[in-house]
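Below: the structure, in structure tokens.
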Amino acid sequence: MSIKVQSLSKFYGEKEVLSDFSIEIQDGEIFGILGPNGSGKTTLLKILAGISQFERGSVIINGIDAKVNQIEVRKIVGYVPETPYLYESLTPYEYFGFIGSIREIPKEVAERRANDLTKAFGMEEYNDQFIGSLSFGTKQKVSIIASLIHAPKILILDESINGLDPQSAKIFRDLLRSLTQDGMTVVFSTHILEIAENVCEEIAIMKTGKIVAAGKTVDLLKERNLEEVFIDLTSTEDISSVVSALRGSLR
């Protein structure tokens, strides 16, 4: 089992953002974390990536206790945040070399992987430009490539597909499916429910720091699409009434 979370609670001050949260994610699985803004998705993913600590519960990542040894967790995890945090005074080529060195990857291996990924995402023309001059979508590609250079056992993506152009998004989704066949586990959040519906084998839907539904995608959906399930479980208002009121206000 790649990830086992039991009775996890996380606080920011007095605010509890994750409450008695438990999930299990198997090796080689693509697992989707869904929920409205403020539901705790990003906090959860940072904990799974070994970036954030937590107050209660246990988080085991590939047999490593994340509360005791965050550094060992980071060695086996690739993490792509919603907003890329990059060294903008470097070029992508320089940045990938830097990532390879701190990950202790042989230089020739890091260069080969970076070159292959750069070519796949159509980024060759940007390799010698400063990262700070690149568009958001291109920075997202840089962040994705950097997360894969050390061939992580677990890849964690926080809204990371959203900024990609359609071709790159297709390549990335197909690459994820291929890598999970080799044993990599992928955990990602997205607001694009169609992606989750088409890519994820299992899904957990969050609301106010808790899971309101979880299971195999096919079992959760059955005769409904994911948008209908998501809104039923997370919305506090009747959508048609809201739209009707807005329509009247805007006449």
Within segment 1-67, chymotrypsin sites (Phe, Trp or Tyr not before Pro) in DSSP loop having at most 11 other beta-carbon neighbours inside 10 Å: none
For Val17, distant residues with modelled amide H under 5 Å away: Lys10, Phe11, Tyr12
Within the chain, longest stretch clear of exposed GluC sites (Glu not before Pro) (DSSP loop, no more than 10 other Cβ within 10 Å): 105-222
Rotationally averaged projected area of the chain (alpha carbon convex hull; nm²): 15.9 nm²
Ranked Val59, Val17, criterion: other C-beta atoms within 10 Å, fewest first: Val17, Val59
Ranked Leu45, Leu176, criterion: other C-beta atoms within 10 Å, fewest first: Leu176, Leu45
Exposure proxy ranking, count of Cβ atoms within 10 Å, fewest first, for Asp238, Asp165, Asp158: Asp238, Asp165, Asp158
For the chain, built as a Gaussian network whose Cα springs stay under 10 Å, the top-fluctuating residue of Met206, Met123, Met184: Met123
Directionally averaged shadow of segment 7-117, computed from the convex hull of its alpha-carbon atoms, nm²: 8.8 nm²
Assigned charges on the beta-carbon of Lys, Arg, Asp, Glu; the chain dipole about Cα centre (debye): 300 debye
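Laboratory data are not the source of any read-out in this text; all were calculated from the coordinates shown. Predicted model, so just to flag it, every value in this text is computed and none were measured. Ideal geometry is used to build each Cβ from the backbone, glycine not excepted, and the neighbour counts take in all protein chains shown.
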